[in-house]
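Have a look at the structure below before the remarks.
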Amino acid sequence: MNKNEDINVFLLMLSVISICGGLLLTNVFIYSPLIGWLVAVFCLIMNFIYKEEQLKYRKRED
């Protein structure tokens, strides 16, 4: 895998970890699942934006 794919996988894994962490910390902080889901959505949006920029860059090279 190259650097670009590593960043995509990292953002996807971070979104899964934030959802799981939010659900695990429900007893500690009542709004932790909501915060976990918001962080996950943010990571997925950032992953989508990053991937779109990669595709635009590849099209310019062709």
Ordering 36-44, 9-17, 21-29 by per-residue average of other C-beta atoms within 10 angstrom, highest first, gives 36-44, 9-17, 21-29
Roughly what angle does helix 32-61 make with the longest principal axis of the chain, taking Cα atoms, 0 to 90 degrees, to the nearest 10?
0 degrees
Entry for P(r) over Cα pairs in 10 Å bins from 0, in percent (calculated from the structure that is shown) out of (1) 24, 38, 22, 12, 4, 0; (2) 24, 56, 18, 2; (3) 16, 19, 16, 15, 14, 12, 6, 2:
(1)
What percent does the relative contact order of the stretch 3-61 come to when contacts are Cα pairs within less than 8 Å and at least six residues apart?
36 percent
Helix 3-24 vs. the chain, principal-axis angle (Cα, 0 to 90°, nearest 10)
10 degrees
Long-range amide H partners of L25 with built H, under 5 Å
none
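Since every read-out is calculated from the coordinates, none of them should be taken as a lab result. These numbers come from a predicted model, not from an experiment. All Cβ positions, even for glycine, are placed from backbone atoms using ideal geometry, and neighbour counts span all protein chains on display.
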